[in-house]
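Input: a single structure, listed below in structure tokens.
The values are calculated or read from the model by the stated rules, or taken from the named source; none is laboratory data. A quick note: this is a predicted structure, and the numbers were derived from the prediction, not measured. In this analysis, Cβ positions are derived from the backbone assuming ideal geometry, glycine residues included, and neighbour counts consider all displayed protein chains.
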Amino acid sequence: MSEERPSKKGKKKRRGGRRGKKARAVVDETQVEMLSEAVPAPSESEPDPESEPDRESVPEVEPDTEPDMEPGAESVSADEAEADTPPDAAETSPGTQAEPPGRRPTSVELGEAKRLVEKGQVTEAIAAYRALLADDPRNLKALNNLGVLFDELGQKELAVEHFERALEIEPDNVSVLTNHGAALTALARLDLATESLGKALQLSPSDSAARLAAGVLSFRKGLYPQAEIELQAVCEREPSNGQAFYYRGEALNRAGRYDEAIEVMLHAATLLPDDPRPHYTLGHLYDRESRREDASEMYRKARDLQARAETPHR
């Protein structure tokens with residue numbers, strides 16, 4: 001998830017890249033989060049992958065977001081991102097009144113919500129954001145970060161609602177536009193997603209999170225050659241972006257460029273060692289080449305990782 005970029009005028013350019021390893025979205029009191037790897041979750045409209053061999057039971061693993069997102073999404077998680085605003089910048093959004101005497105600063109409340117997310121207390125973090133918004137309904141960071149949490153919980157409609165409220169405050173915020181477009185992609189509202197991501201790229205053509213989300217959108221549309229070109233640009237710019245490599249590998253796979261798909265997906269599996277999806281796709285690609293032992297190994301890894309992900313953490 002990438003940082004807040006409140007508006008183009010007078011703001012610093014985004015610095016740094018994103019790590020490929022998927023991370024829980026965390027909220028930074030000096031920034032707005034992006035979707036978990038800006039990459040959306042699987043949608044009903046996504047083309048189904050080819051069936052895996054009957055002899056090997058494999059998990060139902062399909063390209064998703066997540067970001068996405070993350071993701072972003074996923075995009076970049078907030079703890080990895082750098083703030084666009086100076087530390088002493090106002091914590092309130094445009095049009096928001098200063099905090100009344102006796103009220104704790106907004107930065108303190110945002111910091112507490114961040115710590116709750118870091119501890120895995122997502123329900124409590126959501127309550128903290130809602131309490132903040134009850135006092136400050138136009139707080140851009142709280143709206144966006146709450147949307148990120150809802151997106152990660154699979155509550156895409158609620159995520160979109162909060163991103164749209166944030167866009168009413170700041171329509172040209174590239175980070176929120178990217179989050180909005182990625183969430184809409186997950187809901188298969190592809191025309192609306194195209195509108196939001198197109199605007200984000202028009203405002204900031206070099207924004208990696210927006211370009212990644214646009215590549216995933218092309219993938220969801222079944223435009224695999226176009227998606228591969230868009231995602232290749234992200235991979236070249238951010239060689240540690242696991243989500244970009246994963247979706248590029250899937251685009252190559254769907255386009256029938258299997259040798260290239262194996263090379264790219266191997267790199268994705270290295271960058272995303274706990275993600276079952278690259279391993280599953282590699283199993284399928286190895287099976288296509290009659291590399292049975294390699295395929296079986298990848299299917300087993302995918303099953304193990306899927307089971308681990310579904311095991312509740314104590």
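A few remarks follow.
- Of the helices (runs of 4 or more DSSP H) lying entirely inside region 198-314, those containing at least 1 residues that are at pLDDT 95 or above, closer than 21 Å to N179 by Cα and touching a helix residue (DSSP H, G or I) at 6+ places or on another chain (Cβ under 7 Å) span 208-220, 224-237, 242-254.
- Any pair with Cβ under 9 angstrom, 6 or more apart, that starts in region 119-147 at a residue that is farther than 16 Å from E164 by Cα and ends at one that is among the aromatic types (F, W, Y) and in a helix (DSSP H, G or I): I126/F150
- Residue match in region 240-251 (condition: surrounded by fewer than 24 Cβ atoms within 10 Å (Cβ to Cβ) and within 17 Å of the chain's Cα centre (by Cα)): yes
- Residues in region 115-168 that are at pLDDT below 95 and β-branched (V, I, T): V117, V122, T123, I126, V148.
- Flag if S204 is within 30 Å of P171 (Cα to Cα) and under 15 Å from the mean Cα position of the chain (by Cα): no
- Residue satisfying condition, being under 15 Å from Y247 (Cβ atoms) and among the hydrophobic types (A, V, I, L, M, F, W, C), within set A309, A302, A261, A295: A261
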